[in-house]
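Novice: I have a structure I would like to understand better, so I am pasting it below and will then ask my questions one at a time.
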């Protein structure tokens, strides 16, 4: 009996321990269930929903860009895309072969499609090609029974109706690159990872990318375990990109590009008082529509290998010796420092000596005796050699920087360069060498180390003719500034120049164009009340060597294009109350008076006719200066003018 009792006692202990173990397990399971369902319930509910719901971002329409008169410069056009869904076709190879015949698909495109078919699920659409033309869409629709799995999708694509004309102002859009994503160049907005999104890569499109992009919408789609879309649960609309008005006038812009046809160069027209840019042309241009979906290798190489650099915005990034246009700075500096007065006279016999070196004037035989007005009017090099030597390079450089050179202007287009104004300190730091007197002479006429952009020259001209009011050039319309409603003191930034000196220079520039012996007299505007003033310039690129002279090469046009002089002109109009300034640079174009000045004349005349309140009768063939003979599209470099600088 004692044995039976002992056996029962051991059994009871084991049962108790087993029961305790079971209870512990049940308690642990209960605790885990409580943790999962109560404490972590909300989290797992979200995870479950994420597995069931697919959130898709919706790309908002990009903002429209217009000129000052409401003309659309960049818009969103309908984009027909062809997609292929493998599961809807039982003969993928046959379908793609047929598509290849219709679309002329390249081997690379076909390989890409098959690679994506291997990586994706059978029900995922694969992009075959987008930006299809309507006749191609019609052909695909007509043959849709023979193209199982192929479907047309209508989206939006950025479109630039004026193509090359506005290419350097607007820039272009393109897909976001992996590098841009990794560096957060455009921020960390999730929409940036959407393959169809296009972002600004150059110009205004890049400068105002965030505003133009807008805010993405979203769509919640119910999907099954395989990722197939069942239905749309909710859709939240985004906010379209901000539409934008520019200060640009498309008609003036078109004329600028037309007048630069066949040339390499740039032209700027700007409001002298507000800095609003009316035209900013760089030639040759490019078609920005090519970049929307990735430019082809062929097109890209053609642009890169073009000797005239169509991808460079020469108006803000082209660096040129300003030539004789810089004589305005030399004159202003000498007047401001009291080095000379307007009556200071110099005799020019065609050259001046410095040691054993001869420095020549552009006019063989010389100008005779001239005062400062005459030296500017006739662009006498010898006069400004003399003034520069008296002034010194350091004071000249200080004035140049004060008037807006050697620094970025602040224009709202990316890629601007600052140029170069040399002085003694710069040369010592750059070359570890001292400054030579001969370098001062050539700096005084805008040669040597001096480098400027066309936009800087336009700003310099504006600062002279607007009475010293400091401006910041801009392309986006700023109503409070462009309408000259100076409620916030935006026009009160005055450069500290003597107004009498500025007025003197403005009158001297008037004589450059409107006096009979002015270097730009042949390019004058003859419409009463719209006359222009200005300053010609010819920047030497490479001296004619003794060997070339021995071969009979004595003229600019006899030399290879890349060795010819640059043609420059800065101008303003109307003379009586300056409203507009212009700067024109024609690379390797020759004389500024024969090539650049007529372009500036046409641009300033059109700007006045379109933008000034009262418009006199436009210039006609009957009252146009008899000394210029040129076509409307390209400057006639052989035009006869009274004076050629």
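Read the figures in this text as sums done on the coordinates, not as results from a lab. Treat the numbers as computed from the prediction; the structure is a model and nothing was measured. Here the Cβ positions follow ideal geometry from the backbone for every residue, glycine too, while neighbour counts run over all protein chains shown.
Novice: Would you calculate the convex hull of the Cα atoms in region 333-428 and tell me its volume per residue in Å³?
Specialist: Values: hull volume 13.7 nm³, N = 96.
It comes to 143 Å³ per residue, whole-number rounded.
Novice: Determine by what factor the alpha-carbon radius of gyration of region 274-396 differs from 2.2 N^0.38 Å, reporting the quotient. All intermediate terms of the calculation are to be shown ahead of the outcome.
Specialist: Values: Rg = 21.7 Å, N = 123, 2.2 N^0.38 = 13.7 Å.
My calculation over the Cα atoms of region 274-396 gives 1.59.
Novice: While we're here: Quick one: compute a quarter of the convex hull surface over the Cα atoms of region 56-245 and quote it in nm².
Specialist: 12.9
Novice: Let me ask another. Compute the length gained on full extension between residue 110 and residue 193: take 0.36 nm times their separation in residues and subtract their Cα-Cα distance, giving the result in nm to one decimal.
Specialist: 27.5 nm
Novice: Just rank 65, 475, 25, 599, fewest to most, by other beta-carbon atoms within 10 angstrom.
Specialist: 25, 475, 65, 599
Novice: So, one more: According to a simple spin-label model (label point 7 Å from Cα along Cα-to-Cβ), what is the distance in nm between residue 431 and residue 117?
Specialist: 6.6
Novice: What list do you get for 513, 72, 382, 26 if you sort them by fewest beta carbons within 10 Å?
Specialist: Ranking 513, 72, 382, 26 by Cβ neighbours within 10 Å, fewest first, gives 26, 72, 382, 513.
Novice: Given points 7 Å out from each Cα along the Cα-Cβ axis, report the residue 356 to residue 541 separation in nanometres with one decimal.
Specialist: Going by the 7 Å Cα→Cβ label model, 3.2 nm.
Novice: Let me ask you something else. When the chain is fully extended, how far beyond the present Cα-Cα distance does residue 93 get from residue 300, taking 0.36 nm per residue of separation?
Specialist: In short, 71.4 nm is gained.
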